[in-house]
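The structure under discussion appears below in the form of C-alpha coordinates.
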Amino acid sequence: MIRVTRRYPFAASHRLHAPSLTDEDNSRIFGKCNNPFGHGHNYVLEVSVRGPVDRQTGVAIPLGELDGLVKTVVLDAYDHRNLNEEIPAFRDGLVPTTENVAVEISQRLRGAWPEGFPKLEKIRIAETDRNIFEMDERDHEGQ
Ligand code: NI
(Lines give C-alpha, C1' and ligand atoms only; values in the text may rest on other atoms or scores of the structure.)
Protein backbone atom coordinates (compact mmCIF):
# COMPACT_ATOMS: atom_id res chain seq x y z
CA MET A 1 0.00 0.00 0.00
CA ILE A 2 1.14 3.51 -0.70
CA ARG A 3 -0.19 6.91 0.26
CA VAL A 4 -0.34 9.51 -2.51
CA THR A 5 -0.98 13.17 -1.73
CA ARG A 6 -1.82 15.85 -4.26
CA ARG A 7 -1.98 19.57 -3.56
CA TYR A 8 -4.66 21.92 -4.91
CA PRO A 9 -4.32 25.67 -4.27
CA PHE A 10 -7.42 27.84 -4.37
CA ALA A 11 -8.32 31.38 -3.39
CA ALA A 12 -11.51 32.36 -1.58
CA SER A 13 -12.85 35.07 0.68
CA HIS A 14 -14.84 34.83 3.90
CA ARG A 15 -16.01 36.60 6.97
CA LEU A 16 -16.16 34.74 10.27
CA HIS A 17 -19.15 35.89 12.27
CA ALA A 18 -21.67 33.93 14.34
CA PRO A 19 -24.91 35.95 14.60
CA SER A 20 -25.83 34.11 17.80
CA LEU A 21 -22.75 35.51 19.60
CA THR A 22 -22.20 39.02 20.89
CA ASP A 23 -19.93 41.40 18.98
CA GLU A 24 -17.37 41.04 21.79
CA ASP A 25 -17.38 37.24 21.55
CA ASN A 26 -17.17 37.34 17.75
CA SER A 27 -14.15 39.61 18.00
CA ARG A 28 -12.53 37.47 20.71
CA ILE A 29 -13.03 34.16 18.86
CA PHE A 30 -12.45 35.21 15.27
CA GLY A 31 -10.08 38.17 15.66
CA LYS A 32 -9.26 39.88 12.38
CA CYS A 33 -11.35 37.31 10.48
CA ASN A 34 -14.45 39.01 12.00
CA ASN A 35 -13.74 42.19 9.98
CA PRO A 36 -17.13 43.18 8.49
CA PHE A 37 -15.70 43.65 5.01
CA GLY A 38 -14.33 40.11 4.76
CA HIS A 39 -10.91 39.11 3.42
CA GLY A 40 -9.29 36.46 1.27
CA HIS A 41 -7.02 33.50 1.82
CA ASN A 42 -4.84 31.46 -0.50
CA TYR A 43 -5.86 28.02 0.72
CA VAL A 44 -4.00 24.84 -0.13
CA LEU A 45 -6.08 21.66 -0.12
CA GLU A 46 -4.22 18.35 0.07
CA VAL A 47 -6.01 15.14 -0.80
CA SER A 48 -4.39 11.88 0.29
CA VAL A 49 -5.38 8.47 -0.99
CA ARG A 50 -4.05 5.06 -0.02
CA GLY A 51 -4.03 1.93 -2.08
CA PRO A 52 -1.98 -0.69 -3.84
CA VAL A 53 0.34 0.08 -6.73
CA ASP A 54 -1.20 -1.27 -9.93
CA ARG A 55 1.19 -3.82 -11.44
CA GLN A 56 0.52 -2.86 -15.01
CA THR A 57 0.59 0.95 -14.72
CA GLY A 58 2.88 1.34 -11.71
CA VAL A 59 0.58 3.94 -10.18
CA ALA A 60 -1.87 3.87 -7.28
CA ILE A 61 -4.18 6.38 -8.94
CA PRO A 62 -3.98 8.20 -12.28
CA LEU A 63 -3.48 11.77 -11.04
CA GLY A 64 -5.45 13.21 -13.94
CA GLU A 65 -8.51 11.33 -12.73
CA LEU A 66 -8.09 12.66 -9.19
CA ASP A 67 -7.60 16.16 -10.60
CA GLY A 68 -10.81 15.87 -12.60
CA LEU A 69 -12.80 14.83 -9.54
CA VAL A 70 -11.36 17.53 -7.27
CA LYS A 71 -11.92 20.19 -9.93
CA THR A 72 -15.55 19.24 -10.52
CA VAL A 73 -16.48 18.60 -6.90
CA VAL A 74 -14.40 21.18 -5.02
CA LEU A 75 -12.46 23.74 -7.03
CA ASP A 76 -15.27 24.77 -9.37
CA ALA A 77 -17.36 25.58 -6.27
CA TYR A 78 -14.63 27.14 -4.10
CA ASP A 79 -11.99 28.84 -6.22
CA HIS A 80 -12.37 32.63 -6.39
CA ARG A 81 -15.64 32.50 -4.45
CA ASN A 82 -17.10 34.30 -1.50
CA LEU A 83 -17.66 31.37 0.84
CA ASN A 84 -20.34 33.12 2.93
CA GLU A 85 -22.48 33.75 -0.14
CA GLU A 86 -21.62 31.10 -2.69
CA ILE A 87 -21.42 27.84 -0.74
CA PRO A 88 -24.93 26.78 0.37
CA ALA A 89 -23.87 25.41 3.77
CA PHE A 90 -22.28 28.73 4.72
CA ARG A 91 -25.06 30.80 3.20
CA ASP A 92 -27.39 28.89 5.52
CA GLY A 93 -25.51 30.12 8.58
CA LEU A 94 -22.62 27.72 9.18
CA VAL A 95 -19.54 29.85 9.94
CA PRO A 96 -16.95 29.39 7.14
CA THR A 97 -14.03 28.59 9.39
CA THR A 98 -11.46 26.30 7.83
CA GLU A 99 -12.64 23.58 10.22
CA ASN A 100 -16.06 23.79 8.59
CA VAL A 101 -14.57 24.16 5.10
CA ALA A 102 -12.69 20.89 5.71
CA VAL A 103 -15.88 19.13 6.84
CA GLU A 104 -17.81 20.47 3.84
CA ILE A 105 -15.11 19.51 1.32
CA SER A 106 -14.80 16.07 2.92
CA GLN A 107 -18.55 15.52 2.47
CA ARG A 108 -18.36 16.60 -1.17
CA LEU A 109 -15.46 14.26 -1.92
CA ARG A 110 -16.91 11.27 -0.08
CA GLY A 111 -20.27 11.79 -1.81
CA ALA A 112 -18.66 11.68 -5.26
CA TRP A 113 -15.78 9.25 -4.63
CA PRO A 114 -15.65 6.69 -7.47
CA GLU A 115 -15.77 2.98 -6.63
CA GLY A 116 -12.56 2.25 -8.49
CA PHE A 117 -10.41 4.84 -6.69
CA PRO A 118 -8.08 3.92 -3.84
CA LYS A 119 -9.41 4.89 -0.42
CA LEU A 120 -9.66 8.53 0.49
CA GLU A 121 -7.43 8.66 3.56
CA LYS A 122 -7.01 12.28 4.59
CA ILE A 123 -7.69 15.83 3.59
CA ARG A 124 -5.65 18.73 4.87
CA ILE A 125 -6.27 22.42 4.30
CA ALA A 126 -3.72 25.15 4.96
CA GLU A 127 -5.46 28.48 5.42
CA THR A 128 -2.16 30.28 6.06
CA ASP A 129 1.38 29.05 6.68
CA ARG A 130 0.45 28.78 10.36
CA ASN A 131 -3.12 27.44 10.30
CA ILE A 132 -3.52 23.87 9.09
CA PHE A 133 -6.61 21.66 9.43
CA GLU A 134 -6.74 17.92 8.84
CA MET A 135 -9.53 15.39 8.57
CA ASP A 136 -8.72 11.73 8.85
CA GLU A 137 -11.17 10.14 6.42
CA ARG A 138 -10.64 6.72 7.98
CA ASP A 139 -12.93 8.01 10.75
CA HIS A 140 -15.80 7.59 8.27
CA GLU A 141 -15.07 3.99 7.31
CA GLY A 142 -18.08 1.75 7.65
CA GLN A 143 -20.54 4.63 7.37
NI1 NI B 1 -9.84 34.42 7.57
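Diffusion coefficient of the stretch 71-111 by Stokes-Einstein, Kirkwood radius over Cα pairs, 37 °C, 0.692 mPa s: 320 µm²/s. Figure note: VAL103, VAL53 ranked by solvent-accessible area, largest first, 1.4 Å probe, ligands and nucleic acids not counted: VAL53, VAL103. Overall, the stretch 10-120 carries a charge dipole of about 240 debye about its Cα centre when +1 sits on the Cβ of Lys and Arg and -1 on the Cβ of Asp and Glu, all other atoms neutral. In a fully extended conformation the segment linking ASP129 and VAL44 would gain 29.6 nm over its present Cα-Cα distance, using 0.36 nm per residue. Solvent-accessible area of the stretch 52-139 (1.4 angstrom probe, protein heavy atoms only): carbon and sulfur portion equals 46 percent.
Measuring how big the chain is from its alpha-carbon positions, Rg and Dmax come out at 16.7, 60 Å. Ligands, DNA and RNA are left out, and with a 1.4 angstrom probe the accessible area of the chain is 60 Å² per residue.
The values are calculated or read from the model by the stated rules, or taken from the named source; none is laboratory data. In this text, all values refer to a predicted model and were calculated from it rather than measured experimentally. Neighbour counts run over all protein chains shown; Cβ positions are idealised from the backbone, glycine included. What goes into the accessible areas is simple: the full protein's heavy atoms, side chains included, and nothing from ligands, DNA or RNA. Shrake-Rupley method; radii C 1.70, N 1.55, O 1.52, S 1.80 Å.
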